[in-house]
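What follows draws every value from the coordinates through simple rules; no lab data is involved. This is a predicted model, so every value here is computed, not measured. Don't worry about glycine lacking a Cβ; one is built from the backbone with ideal geometry, like all the others, and counts go over all protein chains shown.
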Amino acid sequence: QVQLVESGGGLVQAGGSLRLSCVASGGTFSSYTMAWFRQAPGKEREFVATGHWNGGTYYTDSVKGRFTIYREYAKNTVYLQMNSLKPDDTAVYFCAAGTRGMSRTHGAYDYWGQGTQVTVSS
């Protein structure tokens, strides 16, 4: 059983930056595809970014060029570096892990964290 714990959320002004962290335990971190999703109030959970253990990455169009997903294997941690934040980025951000390869579908991921709130003020 894999446990995922996110941190790093907070309140930031538009144009600012945040780095989210997700620490994984209880599994073989290097064998999982990791992803970030987000859910804004009243909206469905949506895909943000995913990173395969082989180094491949994929982003939703709205965050390309602004967000970067990357891992630190020694710490079993995946990060989401978020730059040039916009009010539309406000949401609860969730970390996810799976073994089916990169996907923008939340059903492809088996394990989820509890989420961390990101609020971007205008």
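Mind pulling the per residue volume of the convex hull built on the Cα atoms of region 42-98? Å³ is fine.
Numbers: hull volume 5.6 nm³, N = 57.
Spelled out: Cα convex hull of region 42-98, divided by residues, is 98 Å³.
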Point to revise | Calculated from backbone phi, Karplus (6.51, -1.76, 1.60) coupling profile of region 35-41 in Hz, x at Gly/Pro | key: 8, 10, 10, 9, 9, 8, x
Review point. Can you give the Kirkwood hydrodynamic radius for region 1-107, in Å, rounded to one decimal and based on Cα pairs?
Key: 13.9 Å
Check your understanding: One-quarter of the Cα convex hull surface for region 77-122, in nm²?
Key -> 4.0 nm²
Exercise for review: Once you've got the GNM for the chain with C-alpha springs shorter than 10 Å, pick whichever of ASP110, ASP61, ASP88 has the biggest mean-square fluctuation.
Suggested key: ASP61
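Magnitude of the Cβ-charge dipole of region 1-115, K/R +1 and D/E -1, about the Cα centre, nearest 20 debye? Intermediate results must be reported in sequence, preceding the final value.
Values: 11 positive and 8 negative charges, 27 e Å.
Dipole of region 1-115, to the nearest 20 debye: 140 debye.
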Exercise for review: Apply the Kirkwood formula to region 1-42: the hydrodynamic radius equals the inverse of the mean of 1/r over all pairs of different alpha-carbon atoms; give it in Å with one decimal.
Suggested key: 12.6 Å
Check your understanding: Picking from ARG104, ARG38, ARG66, which is most flexible by a Gaussian network model of the chain using Cα springs under 10 Å?
Key -> ARG66
**Study point:** Cut-off under 5 Å, modelled amide H: who pairs with LYS86 long-range
**Key:** GLY15
**Study point:** Karplus 3J(HN,Hα) series, Hz, for region 15-28 with 6.51 cos²θ - 1.76 cosθ + 1.60 (x for Gly, Pro)
**Key:** x, x, 10, 9, 10, 8, 10, 9, 9, 9, 9, x, x, 8
Check your understanding: Which of THR99, THR28, THR90 moves most in a GNM of the chain, Cα contacts under 10 Å?
Key -> THR28
